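Notes for the one structure printed next.
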Amino acid sequence: MTRHGINQAVMSFFHFFCVTDLKTASNLTITNNNTKHFNIVKSKMKLIQSLVRGLTILEVVSDAGDKALGLGEIAAKSGLKDATCSHLVQTLVARGYLEKINRSSGYILGVKAYEFSRRGEYRKDLISHAVTPMKEASATLGESVVLTVIKGKDRFLLHEVEGSRQVLVK
């Protein structure tokens, strides 16, 4: 297969997965069926401010990994006033989504936050349709192939097929 043929195969493969996902996503639309450029449609729904703030706190704590964050640090990173952040954090602790390590260490994700990740793979329907073509593309190209979902400004990895080529980093 020529380099041009491989590039075409990669682009077709990319287009297949993006279009497949985008057609099923409620907040994304395709601007041109022949290209990989997509238009993200902003939601016109009114969001619940306290829920957005609580989820932002969970994201801030999650982004810290195993490092416990103090209340002031959570407030600063989430852009909330200390008092508002304190009330939301207390609620998240009471519900089990955050856990206070001790008086001076701060907060980490609680057991309830981890329960969500044990419910299995996200979008099993996409993964089941994608696995065979992903393996074929990886075998043909010798490269790793990933399946991701775009949600707003974020991209989430759903599945990866490792390629046979090794990458050397110096």
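The values are calculated or read from the model by the stated rules, or taken from the named source; none is laboratory data. What you see is a predicted model, and the numbers here were worked out from it, not measured in a lab. Reconstructed Cβ throughout: ideal geometry from the backbone, glycine too, with neighbour counts over all protein chains shown. Quick note on the areas: whole protein, heavy atoms, side chains included, nothing else; ligands and nucleic acids left out. Shrake-Rupley method; radii C 1.70, N 1.55, O 1.52, S 1.80 Å.
Annotations
- Once Rg and the Kirkwood radius are both taken over the C-alpha atoms of the stretch 45-105, their ratio Rg/Rh works out to 0.95.
- The listed residues Asp82, Asp66, once ranked by accessible area (1.4 Å probe) with the largest placed first, stand as Asp66, Asp82.
- For Val61, neighbours were defined as the other residues whose beta-carbon sits under 14 Å from its Cβ, and their charges (Lys and Arg +1, Asp and Glu -1) total +1.
- Distribution of pairwise C-alpha distances over the stretch 69-170, 5 Å bins, in %: 2, 11, 13, 13, 12, 11, 10, 10, 10, 6, 2, 0
- If you take the Cα centroid of the stretch 53-96 and the Cα centroid of the stretch 104-170, the two points sit 27 Å apart.
- Relative counts (whole %) of C-alpha pair distances in the stretch 94-154, using bins that are 10 Å wide: 18, 26, 26, 18, 11, 1
- Accessible surface of the stretch 81-134, 1.4 Å probe, proportion on carbon and sulfur as whole %: 54 percent
- Environment charge at Ala75 (Cβ cut-off 13 Å; Lys +1, Arg +1, Asp -1, Glu -1): +1
- Solvent-accessible ranking of Glu121, Glu162, largest area first, probe 1.4 Å: Glu162, Glu121
- Cut-off 12 Å (backbone N to label point 7 Å along Cα→Cβ of Ser50), residues of the stretch 81-120: 87-89, 91-92
- Neighbour-limited loop hits for trypsin sites (Lys or Arg not before Pro), the stretch 60-131 (at most 12 other Cβ within 10 Å; DSSP other than H, G, I, E, B): Lys67, Lys81, Arg95, Arg103, Arg118, Arg119
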